[in-house]
Structure formats: structure tokens, C-alpha cells
Amino acid sequence: MPAERRSAGGGRLSPIVNCQFDQVLRELAAVGEDFDIIFIDADQKDPTENYHFVMENHLLRMDGMLCVENTLMKGHAYLENTADENVLDVKKLNQVINSDPRIEQGVVKDEVFWGYQQCCILDRLRLDGKVAYVTGGGQGIGRGFCHALGEAGAKVAVVDLEPARAEAVALELSLKGIKSIAIAADISKPEEIQQMLDTIVAKWGTVHIACNNAGINMNSPSEATSLEEWDRTFNVNLRGLFLCCQAAGRIMLNQGYGKIINTASMASLIVPHPQKQLAYNASKAGVVKLTQTLGTEWIDRGVRVNCISPGIVNTPLIHSEELKPLVQRWLADIPAGRLAQVTDLQAAVVYLASEASDYMTGHNLAIEGGQSLW
């Protein structure tokens, strides 16, 4: 394979012989020639000696290119245990070139190479030093979110209507070495939301991650849905969620950073059937629009607002006598052929809570096994 050289006077380029380090090349070095491109075959005898000869005799121009073939040896150069002399020679050459400060290798060393702010992608998903709360954290999806955020490094406030449930999950987290507190709160009541946040700030100084997950669902035919059922559903699912976003958002806007993650539902995208749940469906559609609106209003002030829309999740509620007969019908509507597990949702909440999702806002992330596509 030919290389090219520039004459000593800096004139036109002319082809030279393949650099097999024969006597001709040594003679060229002796008279002070240098080259724009030099080709080394690593599969030849003593490739490291050839490399040293090139560099020590200044055969390669300062801005020249060194092309080395067969550095992989079909992958054998990366085998841990090998006695093949040729492979060992190639491994030695690779090591010598990699450690030579005179060589700039042909890699674009930008943020993709080094990682954003020199952090690898898994480190960017870490939540070390962050403070999070999860409403509805005492069971089901909320419990899964508490564990996921805690495992990623966050301190977690487990918030639930039932104190015993919140305390049980906080105990689970503490057994894993996760800093946590249990808070009892009814998010349909503004004063209890404020008390929740005051408790967290008093304990840990601020809030970085607000996971507004609490919700209720009461099934009834639309013509029989009472105003009481409608109001109760909206007071928790939409009004309460809005109040949590607003109260946590004020803290986050003041500090210039925060992640708000709302739990919507696949019911925001389709009408699940055969169950009848008008109030629930409408409230969850409202969660999505609220998320989109806040997401656009607050992103330029450092606060991102997104939501997760789970499909039908395999929680104890699904196995109630009332819902058990519907499971087979639901399975027929899910391309994945199974219900969602709480663990299917955990990575999503960590991603949305982390800096890795900083350019994402107002998004409704559906995790439903493809059900909304049919």
C-alpha cells in the first residue's frame, strides 16, 4: 500500500514505496526525508521496532498520518490468555502507540467521547445528593418508585394517606441503606401538601425531585357516575396533583432546578375497556395536559415536568374479586401478552429524575406493552 511524501523543499507530493522498513526506507531516513503518510503492517515481524524507527528518525511529519493495519488481529489482540508470538507483538505495538504522547489518535474527543461534563452515561443517571418525594409511596407503583429513586442515590420521602404504609416502605428503604422518612398526607388538602414539603425541607434542606403518583379509581357507568365520585376522583388525581406541582415547583423555581414526574395513565391515550371509568379517564387526560403546560412554562427556569403513563399494572388490586374476571380480556388487548410489573416502570422514573433527561419536558412516557397501539 503506497504512502505519500513531501519533498524536502515542501514541493508536490509523490508516491513512495510501501513502508516495509527495507533498506531503501532507511536510506531515505539517512538523508532527512519525511512523509505525510506512513503505513505500518502490524502483522509483520517486529512492528514495535518499526514504529520506533519511524518516530525516532522523524520520518513522519509533525502533522502527518500514521496508518497501522491489523491492530485487531481479528480480535485476538484483545484475548487475555494467548501465547501466539505474533499476537503478542501486536498487543505490544498497540500499547506503545496508545501511551505515546506524540500521537493523536483518530478519535473525535468531544462530549460523546468523554461524556457530558466527563460523566459516563450511567453516572448521569445517578441521583446522589438529590432529595425526592413520592406520593402514594406506600404501595404498588409508588413503592416501586421509592425504591428506584433511592437505589439511584436519592434521599426519599415516602408520602401516603396511610401512615403505616408509608412507615413500612421507609423501613424497607432504610434496610437497604437509603436515607428516608415517612410522611402521612392527604394530597387533596392544600394544607397537608404544604406540611409535607415543610417537613422535607426541614429535614433535608430542599426538594429536587417531585414524584406525584397518588391517585384513585372508582369504576361506574357514566350515566350512574355521581358528582361525589367525580369530585373525589378529580380532587386527588388532578386537583391534588396540581397543588403538589405548584408547591414543589415554587421551591424548584427558586433554586433554578427540579424534576417533576407525574403519574398519568394509559387511559390518557385510549379508553380502557370493558371497565367503565369516566372520571378516572378524564382526570388522567387532565394530568397529561397539565404536565405539558407546566413543562413548557418552567423549562427555561430549570424545572422539567414530565409524566409516565403505565398500562395495567399487576398490583394486588388487580387480583380483587371484582377485577379478576377482566384480566384475560385485558391480556388479549396487550401485544406484550402480559400485564406490566411495577419493576417495568422503575427505570423510567430514574431517567426522568436524572440529568440525563434534562432536554425532555412535557412528555407523556407510555409504558403499556403496546396496548395503546391497538
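The values are calculated or read from the model by the stated rules, or taken from the named source; none is laboratory data. Because the structure is predicted, anything quoted here is derived from the model rather than measured. FYI the Cβ positions are ideal-geometry reconstructions off the backbone, even for glycines, and counts take in every protein chain you see. All accessible areas refer to the heavy atoms of the entire protein, side chains included, with ligands and DNA or RNA removed. Shrake-Rupley method; radii C 1.70, N 1.55, O 1.52, S 1.80 Å.
Results, tabulated for the structure shown:
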{"read-out": "Extreme residue, positive dipole direction of the range 255-374, given options LEU345, SER372, THR296 (C-beta unit charges)", "value": "SER372"}
{"read-out": "Candidates ASN50, ASN219, ASN364: whichever shows maximal mean-square fluctuation once the chain is modelled as a Gaussian network with Cα springs under 10 Å", "value": "ASN50"}
{"read-out": "With DNA, RNA and ligands ignored, accessible area of LEU269 (1.4 Å probe; Å², nearest 10)", "value": "90 Å²"}
{"read-out": "Heavy-atom accessible area order for LEU66, LEU197, largest first, 1.4 Å probe", "value": "LEU66, LEU197"}
{"read-out": "Ordering of 162-169, 350-357 by burial proxy (mean other Cβ atoms within 10 Å per residue, highest first)", "value": "350-357, 162-169"}
{"read-out": "Prolate/oblate/rounded label for the range 221-374 (Cα gyration tensor, a/c 1.5)", "value": "oblate"}
{"read-out": "Set of lysines with alpha-carbon distance to LYS276 below 16 Å, sequence-local pairs under 8 removed", "value": "LYS284, LYS324"}
{"read-out": "Solvent exposure, largest accessible area first (probe 1.4 Å, DNA, RNA and ligands not counted), of THR233, THR199", "value": "THR199, THR233"}
{"read-out": "Reach of LYS203 by Cα under 22 Å, taken over lysines that are not fewer than 8 positions away in the same chain", "value": "LYS130, LYS155, LYS176, LYS179, LYS189, LYS259"}
{"read-out": "Straight-distance crosslink candidates among lysines, where the alpha carbon sits under 16 Å from LYS91 and sequence neighbours closer than 8 are dropped", "value": "LYS45, LYS74"}
{"read-out": "Solvent accessible area, Å² - ARG143, 1.4 Å probe, full protein context", "value": "100 Å²"}
{"read-out": "Percent RCO, i.e. relative contact order, over the chain, from Cα pairs under 8 Å lying at least 6 residues apart", "value": "12 percent"}
{"read-out": "Value at 222 nm in deg cm²/dmol, rounded to 500, when DSSP H runs of n ≥ 4 in the chain each add -39,500 (n - 2.57)", "value": "-11500 deg cm²/dmol"}
{"read-out": "Among GLY215, GLY32, GLY138: highest mean-square fluctuation, GNM of the chain, C-alpha pairs under 10 Å", "value": "GLY32"}
